[in-house]
Every structure is written in C-alpha cells, then in structure tokens.
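Notes follow the structure.
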Amino acid sequence: MKVATVSIPQINEQKNVAMLRALWFSMLAMVLVIGQSMAANARPDSFADLAEDISTSVVNITTTTVVASRSEPGPIVPEGSPFEDFFRDFRDRNNQGDRPRRTSALGSGFVISEDGFIVTNNHVIEGADEIIIEFFGGEELAATLVGTDPTVDIALLKVEIDKPLDFVSFGDSDLSRVGDWVVAMGNPLGQGFSVSAGIVSARNRALSGSYDDYIQTDAAINRGNSGGPLFNMDGEVIGVNTAILSPNGGSIGIGFSMASNVVSRVVDQLKEFGETRRGWLGVRIQDVTDDVAEAIGLEQTAGALVTDVPDGPAKDAGVLSGDVIMSFDGVDVADTRGLVRQVGNAEVGKAVRVVVFREGKTQTLKITLGRREEAEAAAPATTPEGEAKPPVEKDILGLTLSEVTDELRGQLELGDNVSGLVVRDVDETSEAYEKGLRAGDLLTEAGQQKITKITDLEARIVDAQDAGRKSILLLVRRAGEPRFVALTLP
C-alpha cells in the first residue's frame, strides 16, 4: 500500500500562495474603497461643457409697461396772470405734460420646447404691455402670455418662430440632495448672459405660500436672474430662480429656486388650460402639537387637525371639526403643509379616500375634490347685527369668559348662527395668554364638543379630568378663522 507524502517545501509553497491571494484581495478592496471615496469627493474640473450645451436655451426677458405720469405739482399761479403761460410751458418741457410714460424691466427665462414655450417668473412679466425675448445668439422676438400662477410665481410665455429652438427639460427635484452641484444661468443686473455655480444648500424651504417648495442654493443669484433656470450636472432644470435673502439687495449666497416638481405641474396646466386647476378639500386645518395630541388621545404627533368645515366637498362627505386627517389618497399626512400640497396636486373631480381620527378611532371617508380657484373666488357672506342683553361672565383657565349676547354679536360681527363663549379678558400670567388667546376670541368647542354656555365648558372640563386627561382642547375663532388650543387642566 502506497501512502501519499507531501514534502515541507510543498507545504510552504501552498502557504505562500494563500498569503499572496489574501494580500491581493486586501489590496483590491482598499483600491475600491479609495476609488469610491475619490468618486464621492470628485469635483468637476470645469463647467464649460455643461454651459455650452445648455446656454442656448436660456433667454433674457425685457418687459415694457405704460404707466400714468406722476409729475410733481407746480407753483400755484392765479388764473389770468402774465406768468400763467410761462409756467405752463416750463412744466410741459420738463414733465411732458400729463402724458403716460413707459418703464422697462429685465429678467430671465428658459425654453422648454422646440416650438417656443418659455418659462419665467410671474413677477418678471406682471402688468407688462410688451414682452421681448432675447436669445443667446442675439435674436429678439415678441412673446405672448399663455398663463400665470402668482401662487408659486410662475408664468408661461410663447414665441412664434419658423425653426425649432434649443430647449431644456425638467429634472426630478426630489432627487436633489444637499451638497449636490448646481448651475444658475440668467441675466443678472441686466449685464447679459451669465453663469454661476454652487451647491444645494437646503431643500423644502417655505417662504410665504402654501405650495412653496424652494431649493436653497449658494450659486450667485441677483436681480435680473429671476425666472432663470437652476440646472443639475445632467443639464436638467431642477428649479426656477425666484428670490434672494439679502440685507442690501445683492447676493450673499442665499438664493431660492422653486422646485421643478412644483413648476412642471403648473406649466402643464397653463399649457393645457391657460390657468391652474388645483384640488380643493374644503377644510380649515392646523398642525397637531404634542399637547393637542395628548388632549385628544392621539398616539403620535402627526396629521392635520380640522378646525372648520365650511360648505364644500369635505362637509358633504361627513368630515367634522376636530377630526385629524391622517391619510389622503393613500399617502400619510405629516402636517398641514404636506396635506395642502397633496390636495393641490390632486386632480379636480377625483374621488379620494381620506382617513380621519375621530373620538379615539379612525374612519375612512370618500371625498370628491372640488377646485380651489373656484372656492377662493366665492364671496364671503355678510353678518347682521343684533340687540343687547346682559352678559354672563366667569373666570376659567385664565380667561374671563362671557356667553354670547346680541350686543357682543354685533361688536364682534358674529353671524346669527354663531354661538360660544367670548373671551372678555386674559390673565397675562396664564398659559392661555402664552398660547395666544386674546380678548375678542370666541370659544366654540371644548373637548371636541360644542359649547354655548359657561356650564357647558365646566362640564367638559370635568369630563376631561374624569378621563384622566392632562389638558383640554379648545376651538378658538378669531375674525372667523378657527384654530385649536390645548390648555392644561387645573
């Protein structure tokens, strides 16, 4: 019987091979890690190629507006005076009489289709009698206004031309990350075509509107850049340069571009209808705070708290004041801003499922959306005055409260159907004062139940205490606008 034998040199050789393989894999892994790190930290050597590819789609915009003359008043000359003709001729030479004068403004924009559609800011062309588009090559064309959306400060223009134009496309602004490179183009300070580069400094900034979704960037943006594009490194428009934050009117590295995912929806509607058509739910809402969540038994601080339900789609579907909207059309609602944007982006006339939290449990309602623009155009109803009767007052939770009388109804301009408790005074050392309650406010609900008398409020306080609540939720109305406030129970 033969026995296989292995010599010591062979064993050492196998060990060396194994060690070499391990060392090779270690070096390969290190190279990959270094390569990934270098790629992550890579900076472009130049923006020249990108600028050359997309610059021909960026335009300068000049607007002309005719305004009435604002001549300064001249000296008073008695009628028939020998100086009357002299002063009239002097005024006409200097002020050209009372004739209207023309003013001009500059801005930027960009072409989004080969047949001549152009996007800019609404404030660039607002009130303009004439809009002139200057292209990168120097050619000028008159533009017509297709439609505007002052809510997000976007306007859509159109030029007629017998050749295809260079254009750019919208990118997905939701994919942009803080720290990504961006390039801004436009006509700053009327100096002509200009390029500036920077990074995305922040996302989802809100400045003033319900639909705001601004990208903040440190790419230089100045007067005249308004309406120009903000590009990512793929040459896609991810924002429309709209505003700057500055104490002196110049760029200090805080500029704002309306996100492309907002702009593209608006542009599509302006192109199709010449106006915007946003969904409308028909509720007044406020954010859910920690104390509000505790007061109503909500496990997490999320959703949109319904403060009022006027006539509209939500009321028809059974939504009640005090409901918390937790989900809209299959998407969780984080806060009021998110709900407003979700509803606004939804199609008018669409039937959606809305999940609300009510009295400790959830309910699903089906609501057919209306159109916000039509609802906002409706005129509010007037309210008549009434006659006086002695008020009933009491101090509760730092508030001096009075039952509604005809005299108070008239003073506060309350309708005949409005009831509740009027705040006559607020203790400035109380929690109620800290949370913004003031004389003249009207309390209409406590513990999500209507109150019309002092005894109603006292009963709701007892109910909340018996249920182990630490606070009670009050529905407060001021000038017709409702909001919920949670006050700590005694």
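What do you reckon, is residue 421 surrounded by 14 or more Cβ atoms within 10 Å (Cβ to Cβ), under 22 Å from residue 294 (Cβ atoms) and touching a helix residue (DSSP H, G or I) at 6+ places or on another chain (Cβ under 7 Å)?
The answer is no for residue 421.
Pull out all pairs, ordered by first then second residue, where Cβ-Cβ is under 8 Å, the residues are six or more apart or on different chains, the first lies in the stretch 122-134 and is within 10 Å of residue 60 (Cα to Cα), and the second is crowded, with 18+ Cβ neighbours inside 10 Å and of a type in the set (Ser, Thr, Tyr).
These pairs meet every condition: 132/62; 132/63; 134/62.
For a quick check of your reading: which strands (runs of 3 or more DSSP E) sit entirely within the stretch 155-254 and have at least 3 residues that are closer than 21 Å to residue 265 by Cα and in contact with a helix residue (DSSP H, G or I) (Cβ under 7 Å, 6 or more places away or on another chain)?
237-244
Can you confirm whether the stretch 319-336 contains a residue that is over 23 Å from the mean Cα position of the chain (by Cα) and surrounded by fewer than 21 Cβ atoms within 10 Å (Cβ to Cβ)?
Yes; the residues of the stretch 319-336 include at least one that is over 23 Å from the mean Cα position of the chain (by Cα) and surrounded by fewer than 21 Cβ atoms within 10 Å (Cβ to Cβ).
Checking residue 133 against (1) modelled with pLDDT of 90 or more; (2) assigned to a strand (DSSP E or B); (3) over 15 Å from residue 187 (Cα atoms), which single condition isn't satisfied?
In the conditions (1) modelled with pLDDT of 90 or more; (2) assigned to a strand (DSSP E or B); (3) over 15 Å from residue 187 (Cα atoms), residue 133 misses (3) alone.
May I ask you to verify whether residue 257 is of a type in the set (Gly, Ala, Ser), touching a Phe, Trp or Tyr at 6+ places or on another chain (Cβ under 9 Å), assigned to a strand (DSSP E or B) and within 28 Å of residue 153 (Cβ to Cβ)?
yes
Here is a list: 244, 238, 285. Which entry is surrounded by 16 or more Cβ atoms within 10 Å (Cβ to Cβ) and at pLDDT 95 or above?
From the options 244, 238, 285, the qualifying one is 238.
The values are calculated or read from the model by the stated rules, or taken from the named source; none is laboratory data. Bear in mind that the values here come from a model prediction, so they are computed numbers and not experimental data. Note that we place each Cβ from the backbone using ideal geometry, even for glycine, and neighbour counts take in every protein chain shown.
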